[in-house]
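J.: Pasting in a structure now, in structure tokens, and then I'll have a few things to ask.
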Amino acid sequence: MDLALFDPALIERYDRPGPRYTSYPTAAQFTESYGASDYLGAVQRSRDSGVPLSLYVHVPFCASPCFYCGCNRIISRSRSIAAGYIERLEREIEMQAALFAGRGPVLQLHFGGGTPTFFSLPQMEQVMQALDRGFGLSRSPQREYSIEVDPRALLPDSIAGLAALGFNRISIGVQDFDPAVQEAVNRLQSYEQTEQVVLDARRHGFNSVSVDLIYGLPKQTLEGFGRTLDQVIALAPDRVSAYSYAHMPQLFKAQGQINGADLPSSQQKLGLLQLTVAKLQAAGYVYVGMDHFARPDDELARALDDGSLQRNFQGYSTRGGADLVGLGLSAISRIADSYCQNVKTLDAYYAALDTGRLPLQRGLQLSADDRLRRALIEDLMCRDRVDCQRLEHEYHIDFRSYFADALEALKPLAADGLVELGEHELRVTAKGRFLLRAVAMPFDAHLRAAQAPAPVAGAAANQDLPRPAPRYSRVI
Ligand code: SF4
């Protein structure tokens, strides 16, 4: 794998808002015309294929709002709110498990949020027991059971308790240790609190520790963020994610609490990213792709090298070929050739499960074209290259004519040395690796359709349907 080369001028030139492609098509294409019968059809195809299952559990609660947050979460100081949620979650687990009977044990499980550690340890145990009853959990050392933790919300025995429940991977939200930034985003979290979680995780056998950072936050400076990066590197996490903050207060109410005048300029943000890349690469971290870095001996870095890396809703993963069952509020499932998302409000979630219905809200059945483009975009995101011949054989197309418009759009990027189109292969260069989104976007048929001129009167009726706001982001 080529080293990723950071070229600020090219990043400035080609960076534009776009999807993070944790799925293709993106959630912006999901519609409410997708219903329970579509889902059951996908489940049947999944059963026929016999692929393994992985699970995602969404815990929507947080004790206080971080002002930068764009997640679907419910702020509550009272932990008692979790009891009713867990009761419904158990029902959902039972209903979904009945559909997928006999497919366990599950080797991949992720708890995300919100704040999964909002649940007490006994509540977490209750949910894990329900998952075990329904799907069958694994004790194999090969299992990947991960959980996002908030160091501010942990008790001294929390990490030991999570290890006893079977978790062996941990993801820690840090964002920035600079007190001025923490105050500006309403997230006060000391280095010592975070260090204690890392030490506990190592002591209790967690074999992967991941840290999340955000650049572009209010009051962030090169000096302060540089210190944060040094502190994070001193913690020696296996993986580091550095996300770009996108200020969209019109979409995310909490962001309205951020003073726009405190935000770094695009130039300063580019400097923050450059510093991040420089410090992490100097410390030996490998750029995996799309915001993610890993130590060379980490499975993600090894998967990047051997071509087995996969893109998923959490970013990247090492196990491909599994169908994903999403459980809980707003959780997304990827089953066979379809995506499906749960309802996003507690009322709707409870109402569905209290009346014996799965809490499905919307989804998408992929067309043949969607499947082809998904395979291509996954190749770009995970392998930095597209094997054109493989796609031609698998999807019965002529690559150059099928993608003529996308290849035309890529010409300026090729002229600037970001991509190379060979006879049988499209390859992202080392300079292009920080602009994977820009390379992928020309292949996104839905994005191109959305960017096309507005339809004239009399065009297809569903063109007028309101679409959910896309969650686009950019590098700077
Ligand atoms: S960033 Fe995480 S902890 Fe903060 S409000 Fe959002 S989901 Fe909750």
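J.: Could you check, for the stretch 139-152, whether at least one of its residues is surrounded by fewer than 19 Cβ atoms within 10 Å (Cβ to Cβ) and within 30 Å of TYR215 (Cβ to Cβ)?
T.: Looking through the stretch 139-152, at least one residue is surrounded by fewer than 19 Cβ atoms within 10 Å (Cβ to Cβ) and within 30 Å of TYR215 (Cβ to Cβ).
J.: Report yes if GLY134 is away from the ligand (no atom under 16 Å from the Cβ) and surrounded by fewer than 17 Cβ atoms within 10 Å (Cβ to Cβ), otherwise no. Let's see the steps before the verdict.
T.: Working: away from the ligand (no atom under 16 Å from the Cβ): yes; surrounded by fewer than 17 Cβ atoms within 10 Å (Cβ to Cβ): no.
No.
J.: Considering (1) over 29 Å from THR318 (Cβ atoms); (2) in a helix (DSSP H, G or I); (3) within 24 Å of the chain's Cα centre (by Cα), say which one PRO65 fails and leave the rest.
T.: The failed condition is (2).
J.: Out of the residues in the stretch 142-160 that are assigned to a loop (DSSP other than H, G, I, E, B) and farther than 21 Å from TYR316 by Cβ, which is nearest to the ligand (Cβ to nearest atom)?
T.: Looking at the filtered set, the residue picked out is ASP150.
J.: Next question, about the same structure. Looking at CYS62, CYS71, which is the one that is modelled with pLDDT under 95 and within 8 Å of the ligand (Cβ to nearest atom)?
T.: Being modelled with pLDDT under 95 and within 8 Å of the ligand (Cβ to nearest atom) holds for just one of CYS62, CYS71, which is CYS71.
J.: Which of the residues that make up the stretch 303-319 are buried (at least 19 other Cβ atoms within 10 Å of the Cβ) and either modelled with pLDDT of 95 or more or over 11 Å from the mean Cα position of the chain (by Cα) (or both)?
T.: So the first thing to find is which residues in the stretch 303-319 are buried (at least 19 other Cβ atoms within 10 Å of the Cβ), and the list is 303-304, 309, 311-313, 315-317.
Within the stretch 303-319, ALA303, LEU304, LEU309 meet the criteria.
J.: Would you point out which residue out of TYR68, TYR14 is surrounded by 15 or more Cβ atoms within 10 Å (Cβ to Cβ), of a type outside the set (Val, Ile, Thr) and in the same structural domain as LYS219 (by TED's automatic domain parsing)?
T.: Numbers: TYR14 fails: in the same structural domain as LYS219 (by TED's automatic domain parsing).
Criteria check complete, one pass: TYR68.
J.: What are the residues in the stretch 1-20 that are touching a Leu at 6+ places or on another chain (Cβ under 8 Å) and of a type outside the set (A, V, I, L, M, F, W, C), if any?
T.: Of everything in the stretch 1-20, those that are touching a Leu at 6+ places or on another chain (Cβ under 8 Å) and of a type outside the set (A, V, I, L, M, F, W, C) turn out to be PRO8, GLU12, TYR14, ASP15, GLY18, PRO19.
J.: So which residues in the stretch 89-127 are among the aliphatic types (A, V, I, L, M) and buried (at least 21 other Cβ atoms within 10 Å of the Cβ)?
T.: Hits for the stretch 89-127 are LEU89, ILE93, ALA97, VAL106, LEU109, MET124, VAL127.
J.: While we're on this one: Could you list all residues from the stretch 72-130 that are within 24 Å of SER210 (Cα to Cα) and among the small types (Gly, Ala, Ser)?
T.: Result: GLY112, GLY113, GLY114, SER120.
J.: Within the bounds of the stretch 20-43, is there any residue that is in a helix (DSSP H, G or I), touching a Phe, Trp or Tyr at 6+ places or on another chain (Cβ under 8 Å) and not hydroxyl-bearing (Ser, Thr, Tyr)? Can you show your working first?
T.: Our first condition is that a residue be in a helix (DSSP H, G or I); within the stretch 20-43, this holds for 27-29, 36-43.
Then drop every residue that is not touching a Phe, Trp or Tyr at 6+ places or on another chain (Cβ under 8 Å), which leaves 27, 43.
So of that shortlist, the ones also not hydroxyl-bearing (Ser, Thr, Tyr) come out as 27, 43.
The answer is yes, given that some residue of the stretch 20-43 is in a helix (DSSP H, G or I), touching a Phe, Trp or Tyr at 6+ places or on another chain (Cβ under 8 Å) and not hydroxyl-bearing (Ser, Thr, Tyr).
J.: What pairs come out if I take residues in the stretch 184-209 that are in contact (Cβ under 8 Å) with a residue 24 or more places away in the chain and closer than 12 Å to SER171 by Cβ and pair them with residues that are among the basic types (Lys, Arg) and surrounded by 16 or more Cβ atoms within 10 Å (Cβ to Cβ) whose C-beta lies under 6 Å away, six or more apart or interchain?
T.: Close Cβ pairs (under 6 Å, with a partner that is among the basic types (Lys, Arg) and surrounded by 16 or more Cβ atoms within 10 Å (Cβ to Cβ)) amount to SER208/ARG169.
J.: Can you spot a residue in the stretch 216-225 that is in a loop (DSSP other than H, G, I, E, B), within 19 Å of ARG295 (Cβ to Cβ), in contact with an Asp or Glu (Cβ under 8 Å, 6 or more places away or on another chain) and modelled with pLDDT of 95 or more?
T.: So the first thing to find is which residues in the stretch 216-225 are in a loop (DSSP other than H, G, I, E, B), and the list is 216-221.
If we keep only those that are within 19 Å of ARG295 (Cβ to Cβ) too, we end up with none.
No: zero hits.
J.: Here's a follow-up. Give the stretch 281-302 a look and list any residue that's surrounded by fewer than 21 Cβ atoms within 10 Å (Cβ to Cβ) and hydrophobic (A, V, I, L, M, F, W, C), or say none.
T.: Residues satisfying the conditions are ALA282, ALA283.
J.: Among the residues of the stretch 161-190, which ones are more than 16 Å from the ligand (Cβ to nearest atom), closer than 18 Å to PRO237 by Cβ and part of a loop (DSSP other than H, G, I, E, B)?
T.: So the first thing to find is which residues in the stretch 161-190 are more than 16 Å from the ligand (Cβ to nearest atom), and the list is 161-169, 178-180.
Then keep just the ones that are closer than 18 Å to PRO237 by Cβ; that gives 162-163, 167-169.
Result: PHE167, ASN168.
J.: Right, something else. Which count do you get for residues in the stretch 74-119 that are over 25 Å from the mean Cα position of the chain (by Cα), more than 16 Å from the ligand (Cβ to nearest atom) and either among the polar types (S, T, N, Q) or in a strand (DSSP E or B) (or both)?
T.: Applying the first criterion (over 25 Å from the mean Cα position of the chain (by Cα)) to the stretch 74-119 yields 77-81, 83-84, 87, 91, 94-95, 98-99, 101-102.
The next check asks that each one be more than 16 Å from the ligand (Cβ to nearest atom); those that pass are 80, 83-84, 87, 91, 94-95, 98-99, 101-102.
Subsequent filtering for residues that are either among the polar types (S, T, N, Q) or in a strand (DSSP E or B) (or both) retains 80.
Of the residues in the stretch 74-119, 1 are over 25 Å from the mean Cα position of the chain (by Cα), more than 16 Å from the ligand (Cβ to nearest atom) and either among the polar types (S, T, N, Q) or in a strand (DSSP E or B) (or both).
J.: Under 8 Å between Cβ atoms, which residue pairs at least 6 apart in sequence (or on different chains) link something in the stretch 46-66 that is more than 30 Å from VAL185 (Cβ to Cβ) with a partner that is within 16 Å of the ligand (Cβ to nearest atom)?
T.: The qualifying pairs are SER54/HIS110; LEU55/HIS110.
The values are calculated or read from the model by the stated rules, or taken from the named source; none is laboratory data. Predicted model only: the values in this text are computed from it and were never measured. Glycine also receives a Cβ, built like all others from the backbone with ideal geometry; neighbour counts cover every protein chain displayed.
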